[in-house]
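FYI, it's all coordinate maths here, none of it is from the lab. Remember, it's a predicted structure, so these values are computed and weren't measured experimentally. With ideal geometry, Cβ positions are generated from the backbone for all residues, glycine too; neighbour counts draw on all protein chains shown.
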Amino acid sequence: MDSHTLMFGVIGDPIRHSKSPVMLNRAFRESGINGAYAAFHVTPDQLQQAIAGVRGLGFRGLNVTIPHKIEVMAFLDEISDGAKAAGAVNTIVNDNGRLIGYNTDGIGYVRSLKEEAEPNLNGKTIVVLGAGGAARGILWALAQESPAAILVANRTESKASELAASFSPDYRISAIPWSNLQEACSTADVVINTTSVGMSPNVADLPLDPSWLKPGSVASDLIYNPLKTAFLQQAEQLGCRIHGGLGMFIYQGAYAFEYWTGKPAPVSAMREVVLASFSTI
Ligand code: NAP
């Protein structure tokens, strides 16, 4: 670090578990960029001051995580279309004093799905299980790929209906009752678990019965702890292609890196260092 170092960080509450500093500092080093990235514990009552600090100190960029992704929008100068659709910001670019908010979670997920499991989503039928914050973020990004239909099912069915209705009908996103899930999965090309069911420590729990999926279809899970959930393990045994949640985390960071630097992200180095950090826990 010297007097030219570009400053970056992530804010959240809690934040000490974050892998973003390890991942982004490796990315800067790998790309020969004089940048430094740190984690800042910011409580909700300090959010406005933290953003003022980004302006005052001239940070080039910031990631924003739970619980600030929605509230931070009030303190920015501009919000991208994708972040507006997702209703949340996870990446801020400081463009000569103008703070612009983006959401790289959804597009990061879709880039990972395309690079790791299913390169072409055009015309495909996609089932999304869950209607929480993560589901909202990925629906808009999935819709940009022109699938034939996106069907959303959620334990609390009213939340799936409200979420689907909040998007334009052009996006072909509709809610289905939980009781129709088995039938929907049997013809879907991609089935995505966006619920927290199966996340550590409840690693044996299944969000749905994997035998409902069509062999050869893609089973995808947003969870990356564990890296291969019980849902993915069983779906793989039944002949599905599988896609885990680590890629979403890597690619949301890759997009943030690219927005800040204008350079392609060194994705394999980023993945390598995050995987190594898991094995040292
Ligand atoms: P959230 O807003 O709290 O939503 C949780 C969702 O899970 C809701 O749809 C909820 O249904 C459902 N759910 C919870 N327990 C359930 C159960 N026992 N049975 C059926 N459904 C259940 O959480 P989120 O922020 O969307 O995160 C969801 C998951 O995505 C988490 O595991 C998180 O780790 C993961 N994630 C991964 C990444 C990544 O980078 N890979 C990024 C973001 C999130 P109800 O509405 O009925 O409660």
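Annotations
- Sum of side-chain charges, Ala135 neighbourhood, beta-carbon under 13 Å (Lys, Arg +1; Asp, Glu -1): 0
- Alpha carbon Rg of the chain, scaled by the compact-globule rule 2.2 N^0.38 Å: 1.01
- Electrostatic bookkeeping for Ile92 treats Lys and Arg as +1 and Asp and Glu as -1; over the other residues with beta carbon under 15 Å from its beta carbon, the sum is -1.
- In this simple spin-label approximation, His17 and Asn96 carry label points 7 Å from Cα along the Cα→Cβ vector, and these lie 4.1 nm apart.
- Placing unit charges on the Cβ atoms of the charged side chains and taking the dipole of the chain about its Cα centre, the candidate lying farthest along the positive direction among Met1, Ser211, Ser200 is Met1.
- Cα extents of segment 186-247 along the three principal axes, largest first (Å): 30, 22, 18
- Karplus-derived HN-Hα couplings along segment 264-275 (A = 6.51, B = -1.76, C = 1.60, θ = phi - 60°), whole Hz, x at Gly and Pro: x, 6, x, 4, 5, 5, 5, 5, 4, 6, 5, 4
- Residues whose amide H lies under 5 Å from that of Ala39, counting only those 5 or more places away or on a different chain, are Val10; hydrogens are built 1.01 Å from N in the peptide plane.
- Inter-label distance, Leu206 to Leu57: 4.8 nm, where each label sits 7 Å from its Cα along the C-beta direction.
- Fully extending the segment from Ser179 to His4 would add 57.2 nm, taking 0.36 nm per residue of separation and subtracting the current Cα-Cα distance.
- Listed from fewest to most Cβ neighbours within 10 Å, the set Lys114, Lys19 follows the order Lys114, Lys19.
- Our coupling estimate for segment 242-257, obtained by passing each phi through the Karplus curve with A = 6.51, B = -1.76, C = 1.60 and θ = phi - 60°, is 10, 9, x, x, 4, x, 4, 5, 4, 6, 5, x, 5, 5, 4, 4 Hz, Gly and Pro reported as x.
- As a size descriptor, the averaged projected area of the C-alpha convex hull of segment 1-84 was calculated at 6.1 nm².
- The alpha carbon radius of gyration of segment 106-244, expressed as a multiple of 2.2 N^0.38 Å, is 0.94.
- Under Karplus coefficients 6.51, -1.76 and 1.60, residue-wise ³J(HN,Hα) of segment 71-77 in Hz, glycine/proline x: 4, 5, 4, 5, 9, 9, 8
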